[in-house]
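One structure below.
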Amino acid sequence: FNIHPLSYGQQALWFIWQLEPENSAYNQVFTARICNNLDRAKLRSAFLKLVEHHPCLRSTFTKIGQQPIQRIHQYFELDWQNLDVSSCDETELYSLVVRESKIPFDLENEPVIRIRLFTISPTEHILLITIHLIVTDGWSLDIILSELSKLYESQVTDCSTSLNILNNSYSDYVRFQEEMLEGAQGNKLFSYWKSKLQGELPELNLATDKIRPAIQTYNGASINFDLSEKLTQKLRQLAINNNATFYMTLLAAFQVFLYRYTGTDDILVGSPVAARLEPQFREIVGYFNNLVVIRGNLSNNPSFKKFLNQICQTVNEALIHQNYPFSLLVEKLKINRVPSRSPIFQASFALQKWRQSKNIQNLITGEVENTIDWGGLKLQPFEISSQAGQNDLDLEIFEGSTCIKGRFKYNIALFNEPTIEVMVAHFKN
């Protein structure tokens, strides 16, 4: 195998895994129902070719001395299981899929990707893909799903398919990140974030159902909701009228929502960004995600239009400065860490948009009446609740062409489900 250093994002995830190796909060999960005949051997072969193409998916992680390292294996046995669930009812099947998705990864010794195929009948299966976040992100999952459909289709039709030639690797990105941070650009990025986050930072004190544990936990649950087509169109028009993006408009609404819940007029929200500004890294599977902090000032009771203009400027600046690793920022700012809370922010906002797998996006947002075609397989949604509660409260928005799906993810050590259901109603209102 080849040995490579970790990026700052990977180091943070490695540290969390060492503290809590049984924690599954950083399992990235994709599920779908397959509604036609499936050639299992050829689907397995498609996954093998995918893992062969992307070195990060053949990784394990360990230490040399005190230094964490990534080992890229030339060959690694695919963690594939085909399970017969023909005797299970829908409730049992759902529980089984959820249980499999929550199995923690052994990053030192076992594969970082697992595939489970639950066979109900020859023409009905549930596909579950679970990958540890240390080697992937939302952008990477988009690449994986797009390439898998091509690979499976080529296997079934015996036609060759050519995946993008990768002239760079994730280790090239790690080297680029290190050199950038040691130079003038790194100093410039740090100076920007230091100016935005200096001094004592406000805590987000949402009223919780339970006493906050002394040590932060990561067990979560989620509640999904829809925004109507009519409301979605009104939001799009509001964004256009204010020279804002859809992301900025929904983020501003979320910050107003948090302000109404807490009475705090200084609101800090984390937001994941792709951090792939360099074109040579755009087709690589790996953990590039970074977090930026969007600080909203709601003092003096601004109008929503005025506040949205403020958020537009803040977001534009944050995106320009998105390459500074959040974990390094926390370390260099010498943030006063409280073991019971996430550092800097306790709520996050994300807008999920698929670049390559538009049909998958339509599947998630419910913009297909029946099934989508995925490399010759007919897919329907099979949604499972998100089990991660990485902050107190996270809002994810899935953008379709006509409607919006949202998901509130929450920490179950703090909130009960009925409380979040009320929050969903208030947010929609």
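A few remarks follow.
- Residues in region 292-313 that are surrounded by fewer than 21 Cβ atoms within 10 Å (Cβ to Cβ) and outside any loop (DSSP other than H, G, I, E, B): VAL293, ARG295, ASN297, PHE304, LYS305, LYS306, PHE307, ASN309, GLN310, CYS312, GLN313.
- Within region 106-151, the set of residues being among the polar types (S, T, N, Q) and either touching a helix residue (DSSP H, G or I) at 6+ places or on another chain (Cβ under 6 Å) or open to solvent by less than 10 Å² (accessible area, probe 1.4 Å) (or both) comprises THR130, THR136, SER140.
- Residues within region 343-387 that are part of a loop (DSSP other than H, G, I, E, B) and aromatic (Phe, Trp, Tyr), tallied: 3
- In region 100-120, the residues that are within 14 Å of GLU77 (Cβ to Cβ) reach residues that are in a loop (DSSP other than H, G, I, E, B) and not β-branched (Val, Ile, Thr) with C-beta atoms within less than 6 angstrom, at least six apart or across chains, in these pairs: PRO111/PHE76.
- Only one of PHE47, PHE30 that is touching a strand residue (DSSP E or B) at 6+ places or on another chain (Cβ under 6 Å) and either without any contact (Cβ under 8 Å) to a residue 24 or more places away in the chain or assigned to a helix (DSSP H, G or I) (or both): PHE47
- Residue in region 401-418 that is among the acidic types (Asp, Glu), open to solvent by 10 Å² or more (accessible area, probe 1.4 Å), over 22 Å from PRO213 (Cβ atoms) and at pLDDT 95 or above present: no
- Qualifying residue in region 35-44 (condition: in contact (Cβ under 8 Å) with a residue 24 or more places away in the chain, aliphatic (A, V, I, L, M) and open to solvent by 20 Å² or more (accessible area, probe 1.4 Å)): yes
- Checking region 226-241 against the condition returns a match, with at least one residue being part of a strand (DSSP E or B) and surrounded by 13 or more Cβ atoms within 10 Å (Cβ to Cβ).
- Per-region count, region 64-101, residues part of a helix (DSSP H, G or I) and more than 26 Å from the chain's Cα centre (by Cα): 3
The values are calculated or read from the model by the stated rules, or taken from the named source; none is laboratory data. Treat the numbers as computed from the prediction; the structure is a model and nothing was measured. For neighbour counting, all protein chains shown are included, and Cβ atoms are generated from backbone atoms with ideal geometry for every residue, glycine included. Surface accessibility is based on the protein's heavy atoms, side chains included, excluding ligands, DNA and RNA. Shrake-Rupley method; radii C 1.70, N 1.55, O 1.52, S 1.80 Å.
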